[in-house]
1. From the list P334, P350, pick out the single residue that is open to solvent by 30 Å² or more (accessible area, probe 1.4 Å), not polar (S, T, N, Q) and not assigned by TED's automatic domain parsing to the domain that holds Y205.
2. Scan the stretch 42-63 and give yes if some residue there is within 13 Å of V98 (Cα to Cα), open to solvent by 70 Å² or more (accessible area, probe 1.4 Å), at pLDDT 95 or above and not basic (K, R), otherwise no.
3. For the stretch 342-356, does any single residue satisfy the condition of being modelled with pLDDT of 95 or more and in a loop (DSSP other than H, G, I, E, B)?
4. So which residues in the stretch 6-15 are open to solvent by less than 10 Å² (accessible area, probe 1.4 Å) and either outside the structural domain of V35 (by TED's automatic domain parsing) or within 12 Å of the ligand (Cβ to nearest atom) (or both), if there are any at all?
5. Any chance the stretch 296-317 includes a residue that's open to solvent by 10 Å² or more (accessible area, probe 1.4 Å), in contact (Cβ under 8 Å) with a residue 40 or more places away in the chain, more than 23 Å from T221 (Cβ to Cβ) and not assigned by TED's automatic domain parsing to the domain that holds M15?
6. Within the stretch 125-137, work out how many residues are open to solvent by less than 10 Å² (accessible area, probe 1.4 Å) and over 15 Å from the mean Cα position of the chain (by Cα).
7. When the residues of the stretch 103-145 are narrowed to those that are part of a helix (DSSP H, G or I) and free of Cβ contacts under 8 Å to residues at least 24 places away in the same chain, which ends up farthest from the ligand (Cβ to nearest atom)?
8. For the stretch 146-155, give me each residue that is in contact with a strand residue (DSSP E or B) (Cβ under 7 Å, 6 or more places away or on another chain) and surrounded by 24 or more Cβ atoms within 10 Å (Cβ to Cβ).
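The values are calculated or read from the model by the stated rules, or taken from the named source; none is laboratory data. Since we're looking at a predicted model, the values are computed, not measured. All Cβ positions, even for glycine, are placed from backbone atoms using ideal geometry, and neighbour counts span all protein chains on display. Just the protein is used for accessible areas: all its heavy atoms, side chains included, with ligands, DNA and RNA removed. Shrake-Rupley method; radii C 1.70, N 1.55, O 1.52, S 1.80 Å.
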Amino acid sequence: MMRLLSVVGARPNFMKIAPIVEELTKFSDIEHCLVHSGQHYDELLSGNFFTDLGLPKPDVNLHAGSGSHAVQTAEIMTGLEPVLLDYKPQMVLVVGDVNSTIAAALTAVKLGIGVAHIEAGLRSFDMTMPEEINRKLTDTIASLLFVTEQSGVENLKHEGVPSEKIFLVGNVMIDSLLRHRELAAQSPFLNQLGILQNGNGRRPYGVLTLHRPSNVDDPKTLQGILSAVNTVAAEVPIFFPIHPRTRKNIEKFGFMRYLAPAGIGTSAGIVALDPLGYLDFLSLNNSARIVLTDSGGIQEETTVLGVPCLTLRENTERPATVTHGTNQIVGVNPERIVAAAQAILQQPIPQPRRPPLWDGKAASRIVAIIRGHLRGQHVQ
Ligand code: UD1
């Protein structure tokens, strides 16, 4: 019997672990424990995702909660250590780049337990991003590195990681998207928002998401972005599901004036929404004419959906979304954002293209490799 333990904690982890959990259940020789760190605890950021993705309730919840980086990371580590000592997994699986990822990886390796990192090798080369620190440290200590795109393989090799630890397997986030896309398309959510279908199948609205500390903690940057998006929103309504960090800052800085009050209708303006569940957000993105975001995962999802995406950051750790997808890196200069968005609204809708191996089968490749590894053999 092989014993595996996975740790998730924050919203973007849940859609990455879901296809792996599903795949693991196919093997009677695998026992699996799902641990939730509690980094995200609101229903809107956590519980709803378990329901939408069909994830089982976590076996253990560490209830680490919010705090400074040091406090949050330490809470997860001290909570996880006794769980690992008790469950004795042969391998710990971590996904993505959040504080729960590095906290779990560090706790496991210090106990001599091997770590598999899913979504390894991505690099923004911007060490002011907490996620970049988390990625680099996790990759340094993990024994199996599962990579979504070729740039990740090159980054790891450049850092001196031996090739036999690196596996280009595709993208588990896209596994989840392809599995749920049809269900999301049937959702009544767009009708509830009052969004009407136009002739070309794509509906005339945009989507905005913002949560990066570098964009939402600095009033000048946040105001520049909101005023730019407001200009774009004079042409098409822009739906804005607001992350709690961002909402707090919008209220604190007095920027509510940029948001259209809820229920005003959908002809124009930035329409504020609460954070959405997985299926509602997928249905919103699936039909959008344009997405503006500072998220990493949304750059990947829009690529596969064929929705033009403007990334409101100076860099991306996911260059395949630019070279093989619909993504443009526009930064946070307001004039640049408006010009890029207006150009997209005038251009024809692009054909979706996919980076290699973004085919919905990443989880089965990963589980095959882990099983082979634990049996003392390497599966390529
Ligand atoms: C975290 C991840 C980020 C990921 C994002 C997705 C790190 C370093 N950051 O950022 O990579 O893209 O999740 O959302 O791990 N809060 C709530 N309810 C919750 C959780 C948080 O209101 O359930 C509020 C709290 O005020 C908290 C703040 O959001 O202080 C930030 O939460 P935190 O988990 O520290 O980081 P995120 O900004 O969510």
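1. P350
2. Start the filter on the stretch 42-63 by keeping residues that are within 13 Å of V98 (Cα to Cα), which leaves none.
Within the stretch 42-63, not a single residue is within 13 Å of V98 (Cα to Cα), open to solvent by 70 Å² or more (accessible area, probe 1.4 Å), at pLDDT 95 or above and not basic (K, R).
3. The answer is yes; a qualifying residue exists.
4. V8, G9, A10, N13, F14
5. yes
6. Narrowing the stretch 125-137 to residues open to solvent by less than 10 Å² (accessible area, probe 1.4 Å): 132, 135.
Then keep just the ones that are over 15 Å from the mean Cα position of the chain (by Cα); that gives none.
Number satisfying all stated conditions: 0.
7. Selected residue: K110.
8. F146, V147, T148, G152
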